Amino acid sequence: MVTGALPRVKVVSTGGTICMKLDPNTGGAVPALSGADLVATVPGLGDAAHVEVEEFSCVPGVDIGPSTWAPLVRRLRAIFDSDPDLAGIVVTHGTGLADEAAYFADLGLAEARPVVFTGAVRNASIWDTDGPRNILGATRVAAAHVARDMGVLVCLNDQIHAARDVVKRHANSVEAYMSGDHGLLGNVYYDTVRFYRKPVRRPHFSIEKLDSRVEIVMMYSESDGRFVKTCIDTGASGIVIQGVNTGNVSTALHTAILKALRAGIVVVLTTNLPNGQVYPIYGFPGGGKALMDAGAIMAEDLKPRKARLLLMFALGETRDPKRLQEIFLNA
């Protein structure tokens with residue numbers, strides 16, 4: 001039973017698998033449930049918080065990106081500014097890109113109160129869909145005072161992740177996310193929220209200065225650099241290179257990267273691996289040290305898709321290589 005003593009949490013729905021049901025005509029899952037529908041499926045939600053619902057969108061998660069996340073962040077800012085007594089916000093989102101969405105929000109929203117992204121791996125037509133459980137867990141986190149000053153969070157399967165660190169690790173399992181070398185922030189144990197560490201890397205940028213002209217180019221065997229050339233020809237501001245191991249590429253890709261740098265394009269080097277980081281070890285053409293010496297920015301352990309987002313924000317403030325490298329070393 002809802003009482004005035006309960007914290008107030010707003011659920012903002014955007015779409016994704018969590019809002020989908022099977023279409024009887026095609027047999028495929030499609031967006032079908034509103035935010036109010038989602039909240040209505042969660043047993044015991046009223047015991048966790050006094051929940052209000054707002055529907056931002058209802059689209060497949062793969063159709064959401066920076067052009068949608070920017071107005072979403074503006075809306076989250078407006079919700080907090082207009083409601084100082086609100087405990088926190090839950091955002092339901094497709095799990096395929098929720099790690100990106102949460103990091104984008106973390107970079108663009110300076111707020112002590114928690115924003116918690118959640119979703120579902122199993123659509124609402126499946127008898128054991130994980131959507132209701134994940135909404136309940138995320139709401140408990142958003143309502144918890146201990147979740148303040150933790151930055152934007154991701155909560156699925158009762159696991160709490162920092163937006164910077166979380167990546168999707170499994171396409172099918174309800175334990176879909178991992179946090180690499182750094183591990184979970186905490187857990188939801190029934191009606192209790194526990195944190196074990198606090199994120200310390202939380203830079204913030206203006207959402208109004210975003211430069212979205214940033215691409216990702218993957219290193220693979222015998223990469224010839226043609227996609228870097230395309231980035232040059234189409235006016236990219238930045239290129240994130242997904243290098244091998246500690247950040248190494250083929251000689252041909254190295255040559256293309258040098259052309260991009262000479263053209264004034266910012267190049268950021270990342271690793272293709274889920275753990276570890278880029279490091280300037282190898283001096284051969286294509287080696288991480290050779291690329292850094294040529295002017296490439298080292299992204300440390302930040303993965304390619306998140307390095308792209310950080311570069312979008314950073315380019316809105318500076319194009320100075322030294323300053324950009326400082327941003328990546330501290331983000």
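The values are calculated or read from the model by the stated rules, or taken from the named source; none is laboratory data. Note that the structure is predicted; figures quoted are calculated from it, not measured. In this analysis, Cβ positions are derived from the backbone assuming ideal geometry, glycine residues included, and neighbour counts consider all displayed protein chains. Surface accessibility is based on the protein's heavy atoms, side chains included, excluding ligands, DNA and RNA. Shrake-Rupley method; radii C 1.70, N 1.55, O 1.52, S 1.80 Å.
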**Beta bridges by DSSP in the chain, antiparallel share as percent, to the nearest 5** = 35
**Asked** How much accessible area per residue does the chain have, in Å², with a 1.4 Å probe?
**Response** 43
**Prompt:** Pairing the Cα long axis of helix 131-143 with the longest principal axis of the chain, what angle in degrees results, from 0 to 90 and rounded to the nearest 10?
**Reply:** 90
**Prompt:** GNM on the chain, C-alpha springs below 10 Å: top fluctuator among 318, 118, 95?
**Reply:** 318
**Prompt:** Where Rh is the Kirkwood radius over the Cα pairs of the chain, the temperature 4 °C and the viscosity 1.567 mPa s, what D in µm²/s does Stokes-Einstein return?
**Reply:** 63
**Volume in Å³ per residue [convex hull over Cα atoms, computed for the range 252-328]** = 86
**Message:** Using only DSSP helix segments of four residues or longer, with each worth -39500 (n - 2.57), what per-residue ellipticity at 222 nm results for the chain after dividing by its residue count and rounding to 500?
**Reply:** -9000 deg cm²/dmol
**Asked** Between 207, 192, 221, whose Cα lies farthest towards the positive end of the dipole of the range 142-223 when Lys and Arg beta carbons carry +1 and Asp and Glu beta carbons carry -1, centred on the Cα centre?
**Response** 192
**Request:** Diagonalise the Cα gyration tensor of the range 1-134 and give the resulting equivalent ellipsoid semi-axes, square root of 5 times each eigenvalue, largest first, whole Å.
**Result:** 24, 20, 11
**Request:** Using Cα centres only, tell me the gap between the range 276-331 and the range 188-226 in whole Å.
**Result:** 13
**Complete:** Full extension between residue 323 and residue 6 adds, at 0.36 nm per residue less the Cα distance, a length in nm of 109.6 nm
**Request:** Give me the distance in nm between label points sitting 7 Å out from Cα along the Cα-to-Cβ direction at residue 25 and residue 221, one decimal.
**Result:** 4.5
**Message:** Heavy atoms of the protein only, probe of 1.4 Å, neighbouring chains included. What is the accessible area of residue 279 in Å², nearest 10?
**Reply:** 130
**Prompt:** Most fluctuating residue of 96, 61, 183 in a GNM of the chain with Cα springs under 10 Å: which is it?
**Reply:** 183
**Request:** For the chain, with a Gaussian network of springs between Cα atoms less than 10 Å apart, report the residue from 36, 124, 142 with the top mean-square fluctuation.
**Result:** 36
**Asked** Which ³J(HN,Hα) values in Hz, rounded to whole numbers, follow from the phi angles of the range 114-121 under the Karplus curve 6.51 cos²θ - 1.76 cosθ + 1.60, where θ = phi - 60° and Gly and Pro get x?
**Response** x, 10, 10, 8, 8, x, 8, 8
**Message:** How long are the semi-axes of the equivalent ellipsoid of the range 163-260, taking √(5λ) for every eigenvalue λ of the Cα gyration tensor, in whole Å from largest down?
**Reply:** 36, 19, 12
**Item:** 3J(HN,Hα) from dihedral phi, the range 279-287, Karplus parametrisation 6.51/-1.76/1.60, rounded to Hz, x for glycine, proline
**Value:** 7, x, 9, 9, x, 5, x, x, x
**Item:** Residues whose placed amide H lies under 5 Å from that of residue 297, excluding near-sequence neighbours
**Value:** 267, 268, 269
**Asked** Cα-based Rg of the range 90-150 per 2.2 N^0.38 Å, rounded to two decimals?
**Response** 1.19
**Request:** Please work out how much length the chain gains when fully extended from residue 252 to residue 127, using 0.36 nm per residue of separation minus the C-alpha to C-alpha distance, in nm with one decimal.
**Result:** 39.9 nm
**Heavy-atom accessible surface of the range 1-140: percent carbon and sulfur, 1.4 Å** = 55
**Asked** What is the distance, in nm, between label points placed 7 Å from the Cα along the Cα-to-Cβ direction at residue 63 and at residue 81?
**Response** 2.9
